[in-house]
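The values are calculated or read from the model by the stated rules, or taken from the named source; none is laboratory data. The structure presented is a predicted model; accordingly, all values stated were derived computationally and were not measured. Note: ideal-geometry Cβ built from the backbone for every residue, glycine included; neighbour counts use all protein chains shown.
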Amino acid sequence: MASASNSRSLGQWRILLVAPHPAMAQEIAPLLAEYLPFSPVTELREYPGKQMLTELTEEQGVNLCFIDTVSNSDWAFALMMDLASGEAKVPAVALLEKPETELILKALRSGASEFLSQPFAPEPFIAAMERVNTLYRSRGGASDAKVVAVMPVKGSCGASTIATNIAPIWKRFGAKRILLADLDPYTGTVSFLLKLRQTYSFLEALNRSGQMDEDIWKGLVVRAGAVDVMLSPEQPAHGIEEVHTPGGIIDFARTAYDAVIVDTNGVYGPWNLAVAQMADDVLLVSTNELSALQATQRAIAYLQRNRVDRSRIKLVVNRYAKNAGLSKEVIEAALQTEIYQIIPNETETIQRTLMEGKPPAANTEIGRSLLLLAERLSGKAPAESAPKSNGIKSIFSSILGR
């Protein structure tokens, strides 16, 4: 079964494994394959000199090194110092036979960012990689694309339509490289909405994770205007969460793009939950129907129970009509949640733009609302004031089971 820990961001790397000790290499390799699936590994059975190290870091782009300290500790510590003093300042993880204090201190003083001791286990490995990833990003060593997960609270809320529209609009706010990823394993509709020809899907990306690089990635996505699109499989991928998580795809995308929009089929289940946990923002798409209001409350509660912070959950009410359904004030009061954006109910406009393969014009009401949504997500729009509490909440407390 795929590990839930892959929902944490461990980064996407080009790894150098320096392990003259065969048993140590064999022991660390499964952890690299499982928890850093999109990070290609170059393995050396001897400690490289400075010339080879320069070639590996500057020409081949190695940006993370695991170093066996058992075979020859002096050479291992010298290699750590070379990595720490180089222009790239490649983080190094010292591989120790035992967690001896003297060896740990010597490794850290030599420039190691982290250490792992045998037997190598998942939890220490994950914790070490989270710290290394945070350190590397703080040094400016990796791009930090914003990841937005678009998640409907129930079926037929129009979440995919919103995802496919905000992706191209985002380019207006400075993002040069944009990915729209349809990570719905069962009923993805992005290819239909954008009239794209199906060749590959994210399943091929998962299956080729160990060899993934920019050239392979480019062959797996299709271009739609200014946006790269990764499509969902044509046939439902039942049981995908038992063998894969989306963590590798999202980590790779973070390093390759300025903005990543992930379309999903909902909030529930290990696969969708992993997407939500890795996203910077979760666009929770609902409507102003009463049944959608209850589904929204349940979705928010589910996400919060599973470590998705409330501040990252942005409620979008789609197909909103003032003369039908619940009002904005009622929804906000009943859920005690600010509506992040309202998308008006302009069915004819949406149908026409889907037929034309273009986003709604900016001079339409729905076009303006989508533009504002993309603008706010990009960080350039001022936040609206929080809703005021009123007596309407009590009317719906019994309906929603609060």
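Quick notes on this one:
- Scanning the stretch 315-334 for residues that are in contact (Cβ under 8 Å) with a residue 60 or more places away in the chain and either surrounded by fewer than 18 Cβ atoms within 10 Å (Cβ to Cβ) or more than 27 Å from residue 196 (Cα to Cα) (or both) yields 329, 330, 333, 334.
- Taking the stretch 238-254 as the range and being aliphatic (A, V, I, L, M) and either touching a Lys or Arg at 6+ places or on another chain (Cβ under 8 Å) or surrounded by fewer than 20 Cβ atoms within 10 Å (Cβ to Cβ) (or both) as the test, only 243 passes.
- Residue among 307, 312 that is of a type outside the set (Ser, Thr, Tyr), closer than 14 Å to residue 276 by Cβ and at pLDDT below 90: 307
- Residues satisfying the stated conditions in the stretch 166-191, i.e. touching a residue at least 60 places away in the same chain (Cβ under 8 Å), farther than 16 Å from residue 281 by Cβ and either of a type in the set (S, T, N, Q) or in a loop (DSSP other than H, G, I, E, B) (or both): 174, 176, 177, 184, 185, 186, 187, 188
- Residues of the stretch 236-263 that turn out to be of a type outside the set (D, E, K, R) and either without any contact (Cβ under 8 Å) to a residue 12 or more places away in the chain or in contact with an Asp or Glu (Cβ under 6 Å, 6 or more places away or on another chain) (or both), as a count: 1
- Identity of the residue in the stretch 192-220, part of a loop (DSSP other than H, G, I, E, B) and out of contact with any Pro (no Cβ under 8 Å at 6 or more places or on another chain), that ends up surrounded by the fewest Cβ atoms within 10 Å (Cβ to Cβ): 197
- Take the conditions (1) at pLDDT below 95; (2) of a type outside the set (Gly, Ala, Ser); (3) in a strand (DSSP E or B); (4) more than 21 Å from residue 214 (Cβ to Cβ); residue 42 misses just one of them, which is (4).
- Qualifying residue in the stretch 30-47 (condition: among the acidic types (Asp, Glu), free of Cβ contacts under 8 Å to residues at least 24 places away in the same chain, surrounded by fewer than 16 Cβ atoms within 10 Å (Cβ to Cβ) and outside the structural domain of residue 248 (by TED's automatic domain parsing)): no
- Matching residues in the stretch 26-42 - criterion: being touching a strand residue (DSSP E or B) at 6+ places or on another chain (Cβ under 7 Å) and over 16 Å from residue 63 (Cβ atoms): 28
- Taking the stretch 363-402 as the range and being at pLDDT 80 or above and part of a loop (DSSP other than H, G, I, E, B) as the test, the residues that pass are 363, 364, 378, 379.
- Filter result for residue 164 (over 15 Å from residue 264 (Cα atoms) and in contact with a helix residue (DSSP H, G or I) (Cβ under 9 Å, 6 or more places away or on another chain)): no
- Cβ-Cβ under 7 Å pairs, at least 6 apart or on other chains, the stretch 348-368 side hydroxyl-bearing (Ser, Thr, Tyr), far side at pLDDT 80 or above and part of a helix (DSSP H, G or I): 349/366; 364/349
- Qualifying residues in the stretch 176-228 (those that are at pLDDT 90 or above and polar (S, T, N, Q)) - the one nearest to residue 160 (Cα to Cα): 189
- Subset of the stretch 48-86 [in contact (Cβ under 8 Å) with a residue 12 or more places away in the chain and among the small types (Gly, Ala, Ser)]: 61, 71, 73, 76, 78, 84, 85, 86
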